[in-house]
Structure formats: structure tokens, C-alpha cells
Amino acid sequence: MSIIRGQRLRLSLTAKCPLRCGFCHGDGNTHPSKHTKDHQVHIDDVIAVIALAAKRGFSTVRFTGGEPGVYPYFIKLMEVLPRLQNEHPGIVKWAVTTAALPFLQKEKFDALANSSLTDIAISVDSVEDSELSRPSSRVGIPGREVFRKVVEPLVQRFSGFIKVNVVFDGNATRTKNVIRRARQLDLNVTVLQVNGIMGQVHHLNDSFAQLRSDVIDEFGLIERHCYSLNEDYLYDHDGRQIMKFYPDHCGANRECRICGDLDVRVIPVGGSFGIIPCFEQDQGHVVPLMVNGEASLERFDEGLKFIGIGPAWARGTAYERTDSPSL
């Protein structure tokens, strides 16, 4: 079976997160402030899902959450990662997206910094003096501390690629200051637009476009639009892509086809994993991947069929979540 679309696996290790960001969709997990189940998934199931993706020609595995740093087997996962990379050479990108707080702990930071991951994305939305790193959360630490205690040490120690993700919610000054701080360290930046989560539309398209224009002017960048994914890539004059502006493909626009071309999201559900074809508008249905305790390639293929169809994908199917979706 040849899979053309969605060859990037986003594997959510846990629904847990120490933050409570208001815009969080959790890759289809229940919102951290509302979930009632721990969903501890054993590392063996993580390894089994990666093997399914490898069999279907996936080239990227990105560990997400919740917050992947609070996954109880995270350190063990980093220890076995070199073996997984040897077993699945077709997967060339091994990444993690984190809000960084768990990596204030030395043991976890060392596991991350010394890992064989190829990419680390760190999410910081503010470096203002009076704000936390994720201002939409009432808990956390200042963004300046995230840079000082996690990002800067990683730049010194991690051998792979590091970038900063920043969510734009309408405050251009805040977002620009994060970009400036990241560029001081010569780090790439992805700016993500919050336009509409689960039907809540904020109408930020014009201000998002203005922000992009301002950044292009300030840093002297060259814009190239990717029409197939409706994303904007910004290059310096040496031809290096250093920024990406990632519009909200869901929300008001419902660009379901693009979602299908981007990622396949696998989340903890019912004590194991399942594919969630529509992670923002319909979190009520998941295709479970385990049958009688074993990872099922047939179920994996079944889940892939629904990616990009949109919130009506589950009509007429028997796949319903065994936990309670939120948001």
C-alpha cells in the first residue's frame, strides 16, 4: 500500500501538560485542564505505532502531547531512540515539540540535550517582563527564563536542529519580541496563527498578514508562498529558510484537505493509541490501533483513509472515543 499523503506522524505521548493554554487543542487530546484520565501508554505501544508508520513509508515522527516532557517513559524513549532509528532508516526526521517546563529538571534536560533526535521545537509565546511564556495560561514561568534555562543551554549542547514556535493571538509586539529573541540565537521560527479552535473564530487574518509583512521588512527576508499547503516561508538572502508563517487551516476556513496533507495524529485513548482524523472540530471519534493488545496495521490503514475528510468523517462508522473529549 502506497501512502502519498500524511507521511508525518505526530505521536502524542500523553494528554498531560503542566500548562493550561486557552487555545490548546492537544493534538486531539482532552484539554489539560479538563481531562480526567491519565492515559498512561506503555513505551512498547509507542514503539509499535512507530513500526506501523515505518511500514507505510512515513518519513517523520514528531513526539507531542499534551507535554511530551511529562511522559513517564520519556527518558527511556530517548535511550532506545538510536535503536529505533537503526531499525527504521526510512524515518529521517525524529522530532519533539515541547513548552520546555519539564526540562528545567536536570535529568530530563540531559536526556533531551544528549538525545539522537534530529529536531527540537520549543514553544514560547512571550518574552515580556510581566508575562509568562504562554500568556494564555495562568501557570508557568516567564518566557525569558525558558530561553535562559532551556533554549540557550540546548543551543550549546544539542547537535540537531532547534526552532522556536510562537503562537500569534493578535498581539504583534509580543510575537515580534519572541522572534527577535530567537533570531539573536540564530534559531528558526514558526509563527502559528490562532484563528478558530473548535468553532471559536477570532478573525485574525488581516493582522496575521500585517505581522508577516512587518517581519519581512524588519529582517530583510524573501517570501515564498507554498500554495499546496497555504503556508508562507521566509528566506534570507543566502537562500536559507529561517521562518514559516503557519495560518490556522481549521477555524473559519476548514481547509481539511491541507490538514490531510500535513500530519497523521496518533493520541492516547482507552489506555493505548488511536488515530484521530479530525483533531479540532471532531474529537469525539478515534480509530483505535490496538486489537487484542497488538498494534494493527489494518486499523492504521483504516485511520489513514479518513485523514483530511473533515469533521463529518465519522458518520456511518463505529469508531467513537472511549474517553470524554473536551474543548
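The values are calculated or read from the model by the stated rules, or taken from the named source; none is laboratory data. All of these numbers come straight from a predicted model, not from anything done at the bench. FYI the Cβ positions are ideal-geometry reconstructions off the backbone, even for glycines, and counts take in every protein chain you see.
Between Asp248, Asp261, the distinction of being charged (D, E, K, R) and assigned to a loop (DSSP other than H, G, I, E, B) belongs to Asp248 only. The set of residues in the range 83-96 being of a type outside the set (Gly, Ala, Ser), buried (at least 19 other Cβ atoms within 10 Å of the Cβ) and touching an Asp or Glu at 6+ places or on another chain (Cβ under 9 Å) consists of Trp94, Val96.
Checking the stated criteria, Ile120 turns out to be assigned to a strand (DSSP E or B) and either touching a residue at least 24 places away in the same chain (Cβ under 8 Å) or in contact with a Pro (Cβ under 9 Å, 6 or more places away or on another chain) (or both). The single condition among (1) within 18 Å of the chain's Cα centre (by Cα); (2) closer than 16 Å to Leu11 by Cβ; (3) of a type in the set (A, V, I, L, M, F, W, C); (4) surrounded by fewer than 20 Cβ atoms within 10 Å (Cβ to Cβ) that Ile258 does not meet is (2). When the range 120-159 is filtered for residues that are small (Gly, Ala, Ser) and buried (at least 16 other Cβ atoms within 10 Å of the Cβ), the ones remaining, listed by number, are Ala121, Ser123, Ser126, Ser133, Ser136, Ser137, Gly140, Gly143. Only strands (runs of 3 or more DSSP E) whose full extent lies in the range 130-232 are considered here, and the ones with at least 2 residues that are over 26 Å from Leu117 (Cβ atoms) and without any contact (Cβ under 8 Å) to a residue 12 or more places away in the chain are 222-226. Residue under question is Gly270, and the condition is that it be crowded, with 23+ Cβ neighbours inside 10 Å, touching a strand residue (DSSP E or B) at 6+ places or on another chain (Cβ under 9 Å) and on the phi > 0 side of the Ramachandran plot; does it hold? Spelling it out, it is not the case that Gly270 is crowded, with 23+ Cβ neighbours inside 10 Å, touching a strand residue (DSSP E or B) at 6+ places or on another chain (Cβ under 9 Å) and on the phi > 0 side of the Ramachandran plot. If the condition is being buried (at least 17 other Cβ atoms within 10 Å of the Cβ), without any contact (Cβ under 8 Å) to a residue 60 or more places away in the chain and either among the hydroxyl-bearing types (Ser, Thr, Tyr) or in a helix (DSSP H, G or I) (or both), then the range 303-318 contributes Gly303, Phe306. Of the residues that make up the range 248-259, is at least one at pLDDT 90 or above and either touching a helix residue (DSSP H, G or I) at 6+ places or on another chain (Cβ under 7 Å) or polar (S, T, N, Q) (or both)? No, that holds for no residue. Taking first residues from the range 54-73 that are under 16 Å from Phe273 (Cα atoms) and partners that are of a type in the set (A, V, I, L, M) and surrounded by fewer than 18 Cβ atoms within 10 Å (Cβ to Cβ), the Cβ contacts under 7 Å between residues at least 6 apart in sequence or on separate chains come to Tyr73/Ile43. The listed residues are Ile216, Ile275, and the only one of them that is over 16 Å from Phe168 (Cβ atoms) and β-branched (Val, Ile, Thr) turns out to be Ile275.
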